[in-house]
Amino acid sequence: MVSLPAVNLATVIDAHPDDAPALISRGKVTSYGELRRQVGELRHGLLGLGIEPGDRVAILSANNWFFVVDYLAVLGVGAVAVPLNPASPLAELTHQLAEVGARTAIVGPSSRIGGVSSGGATALELEHLVASEHAGLAGAISMEGLFTGAQAPVVPRASADLATLLFTAGTAGAPKAAMLTHGNLLANLQQIQSHPGRAYRSSDVGLGVLPMHHIYGLNVVLMLTLMAGASIVLVERFDPSTSLETITNHHITVVAGAPPMYHAWLAMPGAAVGSAGEAALRGLRLAISGAAPLGAESALAFKARFGVTISEGYGLTEASPTVTSSVGGADNKPGSIGVPLDGVEVRLVDSDGSDALAGDAAEVWVRGANVFAGYWGRDDATAAAITPDGWLRTGDLAVVDEDGWLFIVDRAKDVIIVSGFNVYPGEVEEVLASHPGVAEVAAVGVPHPHTGEAVKAFVVPVSGRHLEEDELIEFCADRLARYKCPSKVMFVDELPHGSTGKLLRRALR
C-alpha cells in the first residue's frame, strides 16, 4: 500500500512574514504572525475539549475573524470542518448537524442559532457548543475562554483525510454533504496558483464578500489568499455602495464574486458610484465571476463602463471547486467559462457515453486530484456522481468551440441558482408539502434581475382551504435559509404531469 505524504491544509499560513497583513475584519488588521498565534491557541483549546482527528466540528459564522480562526484551528487539530450558513433557521441547522454527526459547533456573533436557550448543546445533540461572547448564546462554552496563551502544534493529515464537509445540492438529488479532503482542496489551490494570469500575488488585497460557508468563498477567496500570503478584507454582507467604499479605502486589487455583485454595480447611477468608486473598479488587477453564468452582455457592459474585463470560470463543490478559467486568454470571449486549469481533465460526453463533437451540447465530466471523495453516508449518490475510472458527472451541459473554449448552455439537473447558491427544488417542495393546507407543490427557478434566479412555488391548496402567499413564505422562512425561500407563490388548480406521473417542471418554467 502506497503511503501518502503528511499534509494539513491549515499550514498554508505558515510560510509568510510575521508582519505581513493577513486579515482585515471589522476594522482590525491581523498579521500572519498574529494569526498563527491565535490559531495555535484555539487548537490548544479545542484539544482541551477532547476534539480528535476525524471529529466533525460545525462552524456558524459570517465572514469575519471568527470564521477564519475557527476554520484553521479545526483543520489544524485534524478534525473535519463543517461550515454552515449562520443565517439558517434552527430546524435546518439541527438537521445538518445530525446528518454529519457533529460533536461540536462553534458559533460566531451573527448566527440565528443564538436563539437557543441554555442547554442548547443537549437540544442539538452536541457534546460541546462553543460560542463567541458576542453571540448571545446562554449556556455555551466561551470561545474567548479557549485562548489561554498555550499553543498546540498542527496535527499531520494524509492527503486522503477529510478536511471539510460542505452541503450542496449535488450533481443530482437533495442536498447532501460533499466530502473534500486535504489533498482535494490543496490540489485546487495549486492548480489555480499555477495559472500565470489567475494566481494571487503576495501584494494583492482581495475582497472577501462571498460567504465562506460556500466553497467559492471558502477555497477560492479565503484559502487562495492565505496560501499566497496576500491580504483579505472580510465583508459580512454585500451592499453595492459600501463595497465600493471598501474597494477604494483598502486598495482592493482582486475581486472574486458572483454575477449579482457585478449586476448591482452596473445598475448604480454614475453619481452613486462616484469618481472614487469608478477609479477603484478601474484599478482592479483581477475581476473573477463564478457560481452562475454572468452573461456576455453584462461582461461587455462592465468593460465598457469601468474598463474592467470580468473573467468567468466554472466550478462546483465536488471539484473543490474550480475547473476552468477564462483569465489571460489572448482573445477573451464574453460568455465563455474558458479552458480547463492545468491538472484538470474535462470531457463533454453524449448520452451514449461518447465524446461530443465541437458545437454539440453535452454533459461536462471532470477528473483530477481536486475531485471530491464522495457524499457523506451516501454510497448510492457517490456512485451516481463518479464513474469507476474517476470522472465526475457534473450534470451541466456545455459546448466547446474550435479554440477549445467552453460555454455552459444548460443544466441537466433541476438546481436553482440564487446569488450563486444551489437550491434544490425538492427541498423547498418538502417543506411546503408539510403545511397542512398544501395538497401538492412544485418549485422552479425563474429569472431575477439581482440574484440571477429566484425560487417560485406553484401550490395546489387542499380542497376548501384558503391560503395566503405571505403565510407560505413565512412558513418556509422558519424552516429554510432565506435564499431558499420562495419569493413568489402561485396558487393553481393542478400541476402538469407526464404519462408516468412525473412532475413536468419545464412546463411551469
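Quick note: the coordinates plus some simple rules give every number you see, no bench work behind them. Please read all numbers here as calculations on a predicted model, not as lab measurements. Here Cβ is always computed from backbone atoms with ideal geometry, including for glycine, and neighbour counts include all displayed protein chains.
Quick notes on this one:
- 222 nm mean residue ellipticity, helices alone, for the chain (DSSP H n ≥ 4; -39,500 (n - 2.57); rounded to 500): -7500 deg cm²/dmol
- From most to least packed by mean Cβ count within 10 Å, the peptides 385-392, 281-288, 52-59 give 52-59, 281-288, 385-392.
- Global geometry of the chain, whether rounded, prolate or oblate, following the gyration tensor of its Cα atoms and the 1.5 cut on a/c: rounded
- Ascending count of other beta-carbon atoms within 10 Å, so fewest first, for D380, D350: D380, D350
- Taking a ≥ b ≥ c as the square roots of the Cα gyration tensor eigenvalues, region 166-291 comes out oblate, since a/c reaches at least 1.5 and a/b does not exceed b/c.
- Least to most buried among R36, R157 (fewest other Cβ within 10 Å first): R36, R157
- Rounded, prolate or oblate (a/c below 1.5 giving rounded, otherwise prolate when a/b exceeds b/c) for region 176-411 by Cα gyration tensor: prolate
- Spatially close Lys pairs in the chain, defined by Cα atoms under 21 Å apart and a spacing of eight or more places or different chains, total 9.
- Projected label points at A272 and A91, each 7 Å from Cα along the beta carbon direction, are separated by 3.5 nanometres.
- Net charge dipole size for the chain [Lys, Arg +1 and Asp, Glu -1 on Cβ; Debye, nearest 20]: 760
- Taking F491, F421, F67 and counting other C-beta atoms within 10 Å, the order from fewest to most: F491, F421, F67
- For T324, the residues 5 or more places off, or on other chains, whose built amide H falls under 5 Å of its own are Y314, L341.
- Relative contact order computed over region 176-411 (Cα-Cα under 8 Å; 6+ residues apart), in percent: 20
- Positive end of the dipole of the chain (Cβ unit charges, origin at the Cα centre): among L180, H466, A150, the Cα lying farthest that way belongs to A150.
- Point-to-point label distance, T387-M490, nm (Cα→Cβ direction, 7 Å offset): 3.8
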